[in-house]
Structure formats: C-alpha cells, structure tokens
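Participant: Handing you a structure now.
The values are calculated or read from the model by the stated rules, or taken from the named source; none is laboratory data. Here the structure is a predicted model, which means the values were calculated and not measured. All Cβ positions, glycine included, derive from the backbone under ideal geometry; neighbour counts span all protein chains shown. In case anyone asks, the SASA skips ligands and DNA or RNA and just uses the protein heavy atoms, side chains included. Shrake-Rupley method; radii C 1.70, N 1.55, O 1.52, S 1.80 Å.
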Amino acid sequence: MGAEALTYGGLVGVSVREPGGWWRRKSTPAKVETYTRWSFHFFAVTEVAAVGLPLFGAMPGWLTALLLVLLVGHAVTCAVVASRALDWTRGSREQPVHMLWTLGAITVAVATTAIAITEHGPGGEDVDTAAGGIFAVVLIFGAGAIALGVRERKRIFGLVVGFAAGAGVIAFPLGMPGATTLATMVAVLLGTGFFAFTSVFSVWLLNAVYELDEARETRARLAVAEERLRFGRDLHDVMGRNLAVIALKSELAVQLARRGREEAVDQMTEVQRIAQETQREVRDVVRGYREADLGAELAGARGVLTAAGIDCEVTGEPAGLPAEVQSALGWVVREATTNVLRHGDAKRCTVAVLREPERVVLTVENDGASRSPGTSGSGLAGLRERLAAVTGTLEAGPARDGVFRLVARVPVAVAEGVS
C-alpha cells in the first residue's frame, strides 16, 4: 500500500492509495469524459453480444464465422470512431472525417451481407432472425457512432433519415417484401434517431461540464484580480493626492528660496510632513491588504462557496479574539477557500471556529480531496509563518475517505500577551 502526498493550496497531508483512488483523483469533467468514452466502448461489446452470440447454432459454421468477423470488425470500428470523435470534441484531434466514411462503408457492407443471407442464404427462421438482427443493429450502432463526429443539426437529421432510407434501398432490391421493408425502415429510423440523440446529448453534456469547470476557475481568478484592482485603486488615491501636494509645495519652496524668502523653510517642512504622512498611509493600505479579518473571511467563504455550488456551513463566533489571531486565522480561511475552488471537486465544506479555555481552533473540512495540487508552492510556508507569529500550529491531511481536513490552533493567552 503506497502513499501519496496531498496538498491543499500548499498544505501538505498524506493519503493512502485505495482501490478506485485513480477515479477519485479525477476532476468532475474528467470523470464525465471517462464515463462517456467507456459507455460507447461498452456499446461495441453490447453490439457483439446482442446479435453475435445468437449466430452460434443458427446457421452453418463457416457462415457464422463470416458474420461474426464482420460484426466484430464493425464494433471495433465504432469504438475507434467514438474515441476519435470525442478527442475532436475536446480539441485534441482534427475531425475524423476519413474514419466516419470508413465506418459508413463498413456498415453498408455488413448490412448488405446480412440481408443477402436473410433472403438468399440457408433457409430457416433462426437464420432469418439472426441475420436480420445484424442488419438492423449495425445500422443503428453505426449511425450513433457517426453522429458523435457530426455537429450540424441538419446533418444529423440527414444521417438518421439517410440510414433509414438506406435500409430500404438495401433490403427491397435483395428480395425483402414491401411491407417488411417498410417496417424495417421505420424500426431503423427510430433506432438510429434514438442512438444519434444519445450521442449528441453526450457530447453536449461533456462540453457543458468542462465549460462550468472553466467558469469556476475564471471566477476564482476574477476574485483575485478584483482584489488587486482594489489595492491599486487605494494606493493610487493615497499616492496621487499626496504626491501632487508635495510637487506644488516643492515648486513654491524653490521660488521662495530663489527670492531669499524665509517661508521656503516652512514649505519644505510641510513637504517633509506630507511625505511622512504618505509613508504612514501607504503602510496602512498595505497592512489592510495583507491582514484578514476572520469574521469577514468566514462570511466571504460562505458566500463564494455557495455561489460555486458548494454547500458551505460555518459555525463558531470569532468576536473577541485578538486582532493578530483574527488576521492569522483569516488568512487560513482565505487560503483554504481559494484552494477548494481551484483544486478541489468538493460538494460540501464546513468551517468551524471553536473557542477553548486556552486556545482557539479553526477547522476546515471539504470532501474534494481528490484534486489537491502538488507539494510545490508557498501556501503552507506562508500560513505557518503567520501562525508562528501568534504561537500557532497547523495540521493538514485526509480525515477520512475523500475528506481533507485543515486544523489551525492558536493559544489565546499567548496571543493576548503578544497584542
């Protein structure tokens, strides 16, 4: 049993590999894509099992072998076309036009062979049933696989109608009665329509899931960009105003000095005062940017996670904690929330603030540990530095299957002494 390092925005834990862990480590879009791919591969197996196995005993051995080889070749081609069409959907491959035409040709060949055996091969109800099943199934499964590689709605409708019409074009000239041919065309129309709709819906769902995931990441980046803009705007307001005053007073001091006026000293003294005041205001802006209020961060975490579709529960009251403790724990909440959005696949997150007699404990849990980032980064070191300033400790790691827990502990008595 191996071990795998996990981090939560740089917060390191250790998870034990378990059966199915490769699936839990996948993102939601990757899970949907894997499920979609293997569904269409399973359809190929279903095709062979549904109409291939009944061939045994229904007709001579050499004819069974021939149809089985044709059927397996058609099923394998369908699986390959489905895989390449999904690659095209995700933008990693060009549209597999040649494979689509190849599948169409193989489908026609297998269907023609099957209906020819039905009408002109060895007699018997078993032979007709087995070969007729192959005729209908290869048309239906072939149309469904080809639909994965087509986007325009008109072409998909044309594909469905074309396969249904093709069934009649193949069957009637080879001797199938008119009424039976018409019934076969209707059956193929309904079957290909359903399978083509399933293919189109699968592609739409896959694209929608990826777009939602990209939107969530974009929202997180926009939140960071908005905070940077706020910081830049505050800094501009402070520096712009004061630098303008400094420039004017400096120019006035120069003019007064050239005229030998003593007021020049007063103006330069005022410039010095404004410069010192500017330094103080800049420090206040930076401090406000770097420090985090625990109450505001808890409210912000609940709002952001809820907006992202994650059920967030916040318990505990931060009021009354020293400012240094609130700032350090506020940064823990901010970092944890950001990484739940960016790196997790969580459906639920809980944040709890527990006041004990001699310390305060902040616990953050989420059920999206499968997508924790690598061990590189400064998140862990930065949070430990902030907690160390108030004699705090940090623990992070898996709490149970699929759940990541982060625990920050700060002695309140020591923190009050620091403040």
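Participant: Tell me the residue from T64, T34, T77, T102 that is over 23 Å from I134 (Cα atoms) and of a type in the set (S, T, Y), please. Full working, then the answer.
Facilitator: Details: T64 fails: over 23 Å from I134 (Cα atoms); T77 fails: over 23 Å from I134 (Cα atoms); T102 fails: over 23 Å from I134 (Cα atoms).
T34 is the lone residue from the list that is over 23 Å from I134 (Cα atoms) and of a type in the set (S, T, Y).
Participant: Among (1) modelled with pLDDT under 85; (2) under 23 Å from A223 (Cα atoms); (3) aliphatic (A, V, I, L, M), which single condition is L329 missing?
Facilitator: Here L329 meets the rest and fails (1).
Participant: Looking only at region 194-210, decide whether some residue is more than 30 Å from F141 (Cβ to Cβ), open to solvent by less than 40 Å² (accessible area, probe 1.4 Å) and assigned to a helix (DSSP H, G or I). It would help to see each step written out before you state the result.
Facilitator: Restricting attention to region 194-210, the residues satisfying the condition of being more than 30 Å from F141 (Cβ to Cβ) are none.
So far as region 194-210 goes, no, none of its residues is more than 30 Å from F141 (Cβ to Cβ), open to solvent by less than 40 Å² (accessible area, probe 1.4 Å) and assigned to a helix (DSSP H, G or I).
Participant: Condition test on A109, is it touching a residue at least 24 places away in the same chain (Cβ under 8 Å), open to solvent by less than 40 Å² (accessible area, probe 1.4 Å), outside any loop (DSSP other than H, G, I, E, B) and out of contact with any Phe, Trp or Tyr (no Cβ under 6 Å at 6 or more places or on another chain)?
Facilitator: Working: touching a residue at least 24 places away in the same chain (Cβ under 8 Å): yes; open to solvent by less than 40 Å² (accessible area, probe 1.4 Å): no; outside any loop (DSSP other than H, G, I, E, B): yes; out of contact with any Phe, Trp or Tyr (no Cβ under 6 Å at 6 or more places or on another chain): yes.
Taking the combined requirement at face value, the residue does not satisfy it.
Participant: If you go through region 283-299, how many residues are at pLDDT below 80 and either charged (D, E, K, R) or part of a helix (DSSP H, G or I) (or both)? So that I can check it myself, show each step before the final result.
Facilitator: At the first step, the residues of region 283-299 found to be at pLDDT below 80 are 283-293.
In the following step, the residues that additionally are either charged (D, E, K, R) or part of a helix (DSSP H, G or I) (or both) were identified as 283-291, 293.
The total comes to 10.
Participant: With R151, R155 as the choices, which residue is out of contact with any helix residue (DSSP H, G or I) (no Cβ under 7 Å at 6 or more places or on another chain), at pLDDT 80 or above and not in a helix (DSSP H, G or I)? Steps first, please.
Facilitator: Values: R155 fails: not in a helix (DSSP H, G or I).
The match here is R151.
Participant: Oh, and also: Taking T118, is it part of a helix (DSSP H, G or I), modelled with pLDDT under 80, of a type in the set (S, T, N, Q) and surrounded by fewer than 17 Cβ atoms within 10 Å (Cβ to Cβ)? Spell out the reasoning first.
Facilitator: Details: part of a helix (DSSP H, G or I): yes; modelled with pLDDT under 80: yes; of a type in the set (S, T, N, Q): yes; surrounded by fewer than 17 Cβ atoms within 10 Å (Cβ to Cβ): no.
Against the criterion (part of a helix (DSSP H, G or I), modelled with pLDDT under 80, of a type in the set (S, T, N, Q) and surrounded by fewer than 17 Cβ atoms within 10 Å (Cβ to Cβ)), T118 does not qualify.
Participant: While we're looking at this one, here's another question. List every residue pair whose Cβ atoms sit under 9 Å apart, with the two residues 6 or more apart in sequence or on different chains, where the first one lies in region 184-202 and is within 20 Å of S39 (Cβ to Cβ) and the second, anywhere, is open to solvent by 60 Å² or more (accessible area, probe 1.4 Å) and not in a helix (DSSP H, G or I).
Facilitator: The qualifying pairs are V200/R151.
Participant: Here's a follow-up. Since T181 meets every condition but one in (1) hydroxyl-bearing (S, T, Y); (2) in contact (Cβ under 8 Å) with a residue 12 or more places away in the chain; (3) open to solvent by 20 Å² or more (accessible area, probe 1.4 Å), which condition does it not meet?
Facilitator: (3)
Participant: Being open to solvent by 40 Å² or more (accessible area, probe 1.4 Å) and over 25 Å from the mean Cα position of the chain (by Cα) is the filter here, so list the residues in region 320-355 that pass it.
Facilitator: Answer for region 320-355, where residues must be open to solvent by 40 Å² or more (accessible area, probe 1.4 Å) and over 25 Å from the mean Cα position of the chain (by Cα): G320, A323, E324, W331, L354, R355.
Participant: Another question, then. Among all residue pairs at least 6 apart or on different chains, which show Cβ distances below 6 Å where the first residue, located in region 112-124, is among the aliphatic types (A, V, I, L, M) and the second is modelled with pLDDT of 75 or more?
Facilitator: Pairs that qualify, where the first residue is among the aliphatic types (A, V, I, L, M) and the partner is modelled with pLDDT of 75 or more, are A114/A131; A114/I134; A114/F135; I115/F135; I115/I170; I117/A131.
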